[in-house]
Structure formats: C-alpha cells, structure tokens
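Scroll down for the structure; my scribbles are underneath it.
The values are calculated or read from the model by the stated rules, or taken from the named source; none is laboratory data. Note that the coordinates shown come from a computational prediction; the quantities given were computed from them, not determined experimentally. Cβ sites come from the backbone with ideal geometry, for glycine too, and all protein chains shown count toward neighbours. Each accessible area value is taken on the protein alone, full model and side chains, heavy atoms only, with ligands, DNA and RNA left out. Shrake-Rupley method; radii C 1.70, N 1.55, O 1.52, S 1.80 Å.
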Amino acid sequence: MKIIGIIASPRKEGNTAWIVNKILEGAKEQGAETQSWYFSDLDIKPCQSCYGCKKGDRGCIINDDMQKLYGAIEHADALVLGSPVYMGQMSAQAKIFTDRLFARFSPRFSPYFKEENAAKKKLILVFTQGNPDSGMFQLYFDYTKNMFQLLEFDVKEVQVVAGMRNEAAHERKDLHTVMKDIGSSLVSERFPE
C-alpha cells in the first residue's frame, strides 16, 4: 500500500506537518510505503479556470509542481491531507490543491465525469486549529468531507486537532498514539464507526 501525506501548511515544522507525519509513521509501521509533500517546498499556482484540462487528454496545462502531485496521487492508494484552520476553513495552500484536483476528478453529476477518472482513493482529512473547541467549525469540516466524497474519495476519517495555541502537537503525549493509530487503521481498514 502506498500512502502520501500532503501538508498544506506554510510551516514545514508546524503542528500540521507533525500530525500528518505521525499518521504516516503509523502506516509505515504496518508495512505501507509513505511519502510526505510539503507545500512550502512546492510551486503550485491556483487554477486558472481555463478548462484546458477538459480538452482532450492533456490534463492540467499549468506546468508547475502540481504535475508531481498528480503523479503521486495516481500511484497512491490513500492520501492524508493536512491543513491548519485559517479564518474558519482550510488554508490557502489546501484550497489551491483542492481546486487543482478539478483537472483530474469531477463529480458524477458533472459533464466532465469519466468513470476511469473517479478518485476512488482512501482519504484522511486532518485539520489543526488554535481554538480548543473542536466542533467550532464542524459545518465546514462536514462540507469539506462531502466535497471530497462527491469527487469519489473514500473519506475514512476527519480528524480535528484543537487547542494548538495552548500546546504544540508534538508536546501532547496523547496525540503520539492516536495519530499513529489512524495511520495503522488506514492500512488495516479498521476504523471506528
């Protein structure tokens, strides 16, 4: 099994990066091949809404580092997408990534939908936030989960790690095991209902 982590945070060594990598560590311990992608290392431009991707089989015509991510996603069995919560929603980096998925995946109701291009990848969504109330932005988390399900990702879990302004993720002993268990579950397919 191949699992990629996409760290959609501008901070390479921040809470989101630590959590995504801890999930990947748990998956790796179960035999998965893992790889992390840091947005701070990538040059990815926003979607230009040119529809060049829908003309023939060219895919996205923007020649940037998203091309590397398309290849990684294509060969992955599962993704872990991590984003800090900024202004009550995903980071700008996560939004750019999500918008650029348009070139590869379309909802079933879209005129661009093709069965062979349905995502059909396992997905863990991870959000980190400073506010200690993990349910504060629940409507947005539910919306985001639904959006990825419309693209036919198999969303296994939405993990919200709250209270980051009080204590960094790596200092919270409870998170070490919990995050590794999520990665392990991604490989073994044992998720709580």
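With Cα atoms defining each centre, region 160-181 and region 51-102 are spaced 27 Å apart in the structure. Per residue, the chain reaches -10500 deg cm²/dmol at 222 nm when only DSSP H runs of four or more residues are counted, each adding -39500 (n - 2.57). Compared with the dominant Cα axis of the chain, that is its longest principal axis, helix 15-29 is turned about 90°.
What size of dipole, in debye to the nearest 20, comes out for the chain about its Cα centre when the only charges are +1 on Lys and Arg C-beta atoms and -1 on Asp and Glu C-beta atoms? So the dipole magnitude of the chain works out to roughly 420 debye.
If you run the Gaussian network model on the chain, springs between alpha carbon atoms under 10 Å, then out of Asp181, Asp57, Asp77 the most flexible one is Asp57. Comparing Gly135, Gly26, Gly56 in a Gaussian network model of the chain (Cα springs below 10 Å), the most mobile by mean-square fluctuation is Gly56.
If you sort Tyr86, Tyr143 by accessible surface, 1.4 Å probe, largest first, the order is Tyr143, Tyr86.
For the chain, the solvent-accessible area of protein heavy atoms averages 51 Å² per residue (probe radius 1.4 Å; ligands and nucleic acids excluded). How far is helix 66-75 tilted, in degrees, relative to the longest principal axis of the Cα atoms in the chain, given as a value from 0 to 90 rounded to the nearest 10? Computed tilt is about 80 degrees. Nonpolar atom fraction for the chain, defined as the carbon and sulfur part of the 1.4 Å probe accessible area, stands at 49 percent.
Computed over neighbours whose Cβ is under 13 Å from that of Ala162, the net charge equals -1, Lys and Arg +1, Asp and Glu -1.
For the chain, the longest principal axis of the alpha carbon atoms and the long axis of helix 138-150 meet at an angle near 40°. Compactness ratio for the chain: Cα radius of gyration over 2.2 N^0.38 Å (N = residue count) comes to 1.00. When you restrict to C-alpha pairs under 8 Å that are six or more residues apart and normalise by the size of region 103-193, the relative contact order lands at 31 percent.
You can think of it this way: the chain between Val178 and Lys12 has 57.6 nm of extra reach, that is 0.36 nm per residue less the Cα-Cα gap.
Report for region 62-131 the percent antiparallel among DSSP-assigned beta bridges with both residues inside it, nearest 5. So the antiparallel bridges amount to about 20 percent of the total. Partner aspartates and glutamates whose Cα lies under 16 Å from the Cα of Lys2, excluding those fewer than 8 positions away in the same chain, are identified as Glu25, Glu29, Glu33, Glu74, Asp77, Asp154, Glu189.
Beta bridges from DSSP with both residues in the chain: antiparallel share about 5 percent, rounded to the nearest 5. Put a dot 7 Å past the Cα of Phe113, heading toward its Cβ, do the same for Asp99, and the two dots end up 2.4 nm apart. The value of relative contact order for region 69-132, using C-alpha pairs under 8 Å at least six residues apart, is 48 percent.
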